[in-house]
1. Spin-label point model (7 Å from Cα, Cβ direction): what's the Glu79 to Glu62 distance in nm?
2. If you look at just the Cα atoms of the chain, how large are its Rg and its Dmax in Å?
3. Can you list which of the chymotrypsin sites (Phe, Trp or Tyr not before Pro) found in the stretch 1-79 are DSSP loop residues with at most 12 other C-beta atoms within 10 Å?
4. Could you derive backbone 3J(HN,Hα) for the stretch 4-13 from the dihedral phi with the Karplus parameters 6.51, -1.76 and 1.60 (θ = phi - 60°), listing whole Hz in sequence and x where the residue is Gly or Pro?
5. Counting alpha carbon pairs within less than 8 Å and at least 6 residues apart, what relative contact order, in whole percent, applies to the chain?
6. Just order 68-79, 37-48 by mean Cβ neighbour count inside 10 Å, highest at the front, would you?
7. So what's the angle, to the nearest 10 degrees on a 0 to 90 scale, between helix 21-36 and the longest Cα principal axis of the chain?
Amino acid sequence: MAVPSVKISGILELRSYAPEGVEHIRNALLKGLDAAGDADAEITCVGCPKYRIMITAEDYKEAEETMKLISSAAIKAMERAGGEASLKR
């Protein structure tokens, strides 16, 4: 018997105009995944500058909390590096 689960997703837009902007974006995405801990989360490129965050969890509350952790960590890291970031649902 399979355990019931829910899936949610959001689009994270990350932009950097710095010469090493690709590294800033990569680091921001990695910080987001690190913030998720052991949660079942995945980030894929939709087409630059958009990255899809997909989360699978046992319930919506847990999934939303994980989405908040990932997106806020990535957005803070990107803004600290001088870039722009936003989450779209």
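Computed from the coordinates by the stated procedures, all read-outs in this text should not be read as laboratory data. Treat the numbers as computed from the prediction; the structure is a model and nothing was measured. Quick reminder, even Gly has a Cβ in these numbers, built from the backbone with ideal geometry, and neighbours come from all protein chains shown.
1. Reported label-point gap for Glu79 and Glu62 is 3.0 nm.
2. Answer for the chain, Rg first and Dmax second: 13.3, 51 Å.
3. Working: sites: Tyr17, Tyr51, Tyr60; in loops: Tyr17.
Here the sparse-neighbourhood loop sites are Tyr17.
4. x, 9, 10, 10, 10, 8, x, 10, 9, 9
5. 45
6. Details: 68-79: 19.3, 37-48: 12.2.
Averaged packing, sorted descending, gives the order 68-79, 37-48.
7. In the chain, helix 21-36 runs at an angle near 30 degrees to the longest axis.
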